[in-house]
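A quick write-up on the structure given underneath.
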Amino acid sequence: MPIQATEKIWHNGKWINWDDAKLHVLSHVVSYGSAVFEGIRCYETKQGPAIFRLREHMQRLVNSAKIYRMELPYSVDDFSNTACELVRINKMNSCYVKPIVLRGYGDVGVNPLHSPIDVYMACWHWGAYLGPDALSKGVDVGVSSWTRIAPNTLPAMSKAAANYMNSQLVNMEARLNGFVEGIALDYSGHISEGSGENVFLVHDGTLYTPPLATSILPGITRNTVVQLAHDLGIPFKEAVIPREMLYIADEIFFAGTAVEITPIRSVDHVQVGKGVAGPVTVKLQAEFFALTSGAKPDRHNWLTPVGAPVTAASR
Ligand SMILES: Cc1ncc(COP(=O)(O)O)c(C=O)c1O
């Protein structure tokens, strides 16, 4: 999916042109992966563009930075206000917003503490992450031969760039084996997560997802799905899940900002349920999109209106 440039990027409190957002190759982050970031969706609604779960994402960004002792001169409120301004300035109706905090140029060696902290925030248009049919037809996935980062190695609760080296191995292997995405197991062989998304499954009418201790990112969409399951009266359990549940589950789906709620139709070539999105997945998907599109009232205050755009006679 080639990136589509927008006009402005925010850098340490200033607006710069897209093409000027450049780094020195000897910046600490380039050699040592020292960055934390977020991925946030802004949705088009009748009332204009609105960012989904903005404060929760910015709080996770601040938490990710804290874990790595990155001192931030900006608060959750500062980041949230900047994100709204970013979408307005770039005149977007819907987009993906990416704030990134990185160790910049200035010192050599592994010790990160003397390299400056640089903060950027950009946005661009982003459609369906796993292809145009993924949301309706579901995707084929494989269990990865790569283990998810183990506890007390790289902290999975921090959305750090370095974690995505592991994700890349999982993703590449899946793609090369003809799957759309991989599911990684944790260090003890239990289900962890996809390369960029959390996993849910339905078994005997109960919805399950693995706990934080299985090296998952604490997904905001994961949290959204849990709340929606509660709202819709769907029984839910957070549990350590053995791999083989993937082969006997009635339904499985990915949840994440990029994939939203994407059904999984097969795992390791074993069909999931009837090979199409099951009833629980469909129900959760419908509720999710009704809320993100503004079609249903925002009962949880999950949308932050940005103001401006939506023209073409207000659609
Ligand atoms: C590794 C990983 N797990 C899970 C998720 C889902 O998290 P969220 O729903 O907050 O986007 C993501 C996406 O950011 C991710 O990269």
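Against the conditions (1) closer than 29 Å to residue 232 by Cα; (2) without any contact (Cβ under 8 Å) to a residue 60 or more places away in the chain, where does residue 179 fall short? Just the number, please.
Every condition holds for residue 179 apart from (1).
Give region 50-72 a look and list any residue that's in a loop (DSSP other than H, G, I, E, B) and more than 17 Å from the chain's Cα centre (by Cα), or say none.
Selection gives 68, 69, 70, 71, 72.
Which residues, taken from region 72-91, are touching a helix residue (DSSP H, G or I) at 6+ places or on another chain (Cβ under 6 Å) and either of a type in the set (Phe, Trp, Tyr) or over 14 Å from residue 120 (Cβ atoms) (or both)?
76, 79, 80
Name, by its number, the condition in (1) free of Cβ contacts under 8 Å to residues at least 12 places away in the same chain; (2) buried (at least 20 other Cβ atoms within 10 Å of the Cβ) that does not hold for residue 78.
Answer for residue 78: the failing condition is (2).
Restricting attention to strands (runs of 3 or more DSSP E) lying wholly within region 148-203, give those where 3 or more residues are in contact with a Ser or Thr (Cβ under 7 Å, 6 or more places away or on another chain).
So the answer is 181-185, 198-203.
Could you tell me whether any residue of region 135-149 is of a type in the set (Gly, Ala, Ser), out of contact with any strand residue (DSSP E or B) (no Cβ under 6 Å at 6 or more places or on another chain), away from the ligand (no atom under 16 Å from the Cβ) and at pLDDT below 95?
yes
I need the strands (runs of 3 or more DSSP E) fully contained in region 1-49, keeping only those with at least 2 residues that are touching a residue at least 40 places away in the same chain (Cβ under 8 Å), touching a Ser or Thr at 6+ places or on another chain (Cβ under 6 Å) and surrounded by 13 or more Cβ atoms within 10 Å (Cβ to Cβ).
The qualifying strands (runs of 3 or more DSSP E) are 40-45.
Could you tell me which of the residues 58, 70 is touching a Ser or Thr at 6+ places or on another chain (Cβ under 7 Å), surrounded by 13 or more Cβ atoms within 10 Å (Cβ to Cβ) and without any contact (Cβ under 8 Å) to a residue 60 or more places away in the chain? Steps first, please.
Numbers: 70 fails: touching a Ser or Thr at 6+ places or on another chain (Cβ under 7 Å).
Matching residue, one of 58, 70: 58.
Based on what the data block shows, is residue 199 away from the ligand (no atom under 14 Å from the Cβ), of a type in the set (A, V, I, L, M, F, W, C) and under 14 Å from residue 254 (Cβ atoms)?
When the stated conditions are applied, residue 199 does not pass them.
Looking at region 173-195, which of the residues that are within 12 Å of the ligand (Cβ to nearest atom) and of a type in the set (D, E, K, R) is surrounded by the most Cβ atoms within 10 Å (Cβ to Cβ)?
Top of the filtered list is 193.
Could you look through region 76-128, keep only residues that are hydrophobic (A, V, I, L, M, F, W, C) and part of a loop (DSSP other than H, G, I, E, B), and pick out the one that is farthest from residue 58 (Cα to Cα)?
108
Consider region 120-145. How many of its residues are buried (at least 19 other Cβ atoms within 10 Å of the Cβ) and without any contact (Cβ under 8 Å) to a residue 60 or more places away in the chain?
1
The values are calculated or read from the model by the stated rules, or taken from the named source; none is laboratory data. Nothing here was measured: the structure is a model prediction, and the numbers come from that model. Positions of Cβ are backbone-derived with ideal geometry, glycine not excepted, and every protein chain shown enters the neighbour counts.
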